[in-house]
1. Once the Cα gyration tensor of chain B is diagonalised, what are the square roots of 5 times its eigenvalues, in whole Å and ordered largest first, as equivalent ellipsoid semi-axes?
2. With every protein chain left in place and a probe of 1.4 Å, what is the accessible surface of A:Met163, to the nearest 10 Å²?
3. Run the accessible area of the protein assembly as shown with a 1.4 Å probe and give the carbon-and-sulfur part as a rounded percent.
4. So how much accessible surface do A and B hide from each other in total, probe 1.4 Å, in square angstrom to the nearest 100?
5. Give me a single rounded figure for B:160-166: the average over its residues of other chain Cβ atoms within 10 Å of their Cβ.
6. 222 nm [θ] for the protein assembly as shown, helices only, -39500 (n - 2.57) per DSSP H run of 4+, per residue, to 500?
7. Return the Rg/Rh ratio of the protein assembly as shown with Cα-based radii and a Kirkwood Rh.
8. At q = 0.16, 0.25, 0.26 Å⁻¹, what base-10 log of I(q)/I(0) does the Debye formula yield for segment B:47-100 when every alpha carbon is treated as an equal point scatterer in vacuo?
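The values are calculated or read from the model by the stated rules, or taken from the named source; none is laboratory data. The structure presented is a predicted model; accordingly, all values stated were derived computationally and were not measured. Reconstructed Cβ throughout: ideal geometry from the backbone, glycine too, with neighbour counts over all protein chains shown. These area figures cover heavy atoms from the full protein model, side chains too; ligands, DNA and RNA do not enter into them. Shrake-Rupley method; radii C 1.70, N 1.55, O 1.52, S 1.80 Å.
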There are 2 protein chains.
Amino acid sequence: MEKPPEKARRSIGAKRNPDSADAIRDAAEAVLLEAGYAGFSIEAVARRARAGKPTIYRWWPSKAALLLDVYQRQKRDIDYADTGSLEEDMFRFLKSLLRQWRDTPAGSIFRSFVAEAQSDATASAALADYARERRAHTGQMVERAKARGEVAAGVDPTLVADMLSGYAWIHLLTNRLDEDDETIRKAVRIIAKGLLAGA
Amino acid sequence: MEKPPEKARRSIGAKRNPDSADAIRDAAEAVLLEAGYAGFSIEAVARRARAGKPTIYRWWPSKAALLLDVYQRQKRDIDYADTGSLEEDMFRFLKSLLRQWRDTPAGSIFRSFVAEAQSDATASAALADYARERRAHTGQMVERAKARGEVAAGVDPTLVADMLSGYAWIHLLTNRLDEDDETIRKAVRIIAKGLLAGA
DNA sequence: TATCTAACGGAACGTACCGTTTCGATGGAG
DNA sequence: CTCCATCGAAACGGTACGTTCCGTTAGATA
């Protein structure tokens, strides 16, 4: 990731030093990646960033807030392409999501975030908000298919999003991100057929 | 749950005092239920149980081990009835699972356990084992339906178990255990129709 | 130019918890 | 009657949290 800065930063006057904020975010991500959630402490981040703890707490009110920031910085490169086939859309979505979680820091960070949300109220609310937003977004995939007649009328798109996300989450949280394409294909095929038949 | 014992227990000689073990397990469950995962510390459990920390560490090697023990003590009262209809079986399974997680300590405990598994290797392995066992068990529901011709030949029963569990997990971990029956019904109906159509 | 102000890194603090060690008392086993 | 593993309690060193001071820095203000 990033090398720890050689020299300590100093104040740049009566205003925030963006270098410090960047260094803290970089350090937080690096610590999370190298030591995992267990090693993710404010002290470790401060050491790594050559920053003072007060500097961190000046800008992030809690450990959960910093974790949330790092998590949101993860750019999502998920495949939301509209292939014209719901099954194919869902397959690409799930495959790319599991792949990204497996091959980039995103998976480790998201795992940490879900874990933190089980003990910290701020993180819990943030996770709920995020999940709601994802549900709506993924649901659009189903909306499109509905317009094409691939999905029966009574189906709630966010319900399908829950199924897909749930399938992904349980794989992430139990270290099973290496599911092969054929299995993913079978899973989405079942859902696609079920959606066609209607609810 | 349990009242803290009025008097401290003493040694009953050169053998383990089962009252202590019981009191510790009870206290651990009570702390987890009342203060959640955030408040679940060995110190808090020891205080609550009027036990010494060494007594806890003599019998449970780590915090994760105690958490695992408490978790496994949770009796599963999940509806695995064979109704003759896969859709109905799955509906009852999901409904009873979400209800139990919502209305008993089991949900809080399992949330904590999933969270712990994201930072503790022992808990992680235990969770993976448990998930595997559950997958096989829930898969039997699908096996039965397969024998009845409700499920196409190529379907992997454990894949269906992943779908159901994933759907339940994401609701547990994002505080959405209050999903109504109609929504659950729609979800399992989609899966049931998809399984009938085949993979 | 002189002063004000807010940011900086660093050090230290008090609290909490971890996992371990030590202690005296207990009471069953040999 | 002696041994000995157990008990609760207390204290240990270590780590991390979140906070408070400190002296330093340099832009903003007058």
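1. One finds semi-axes of 39, 16, 14 Å for chain B.
2. Solvent-accessible area, nearest 10 Å²: 10 Å².
3. 49 percent
4. Approximately 3500 Å² gets buried when A meets B.
5. The shielding value for this peptide is 6.
6. -22500 deg cm²/dmol
7. 1.02
8. For segment B:47-100, the Cα-only Debye profile gives -0.63, -0.94, -0.98.
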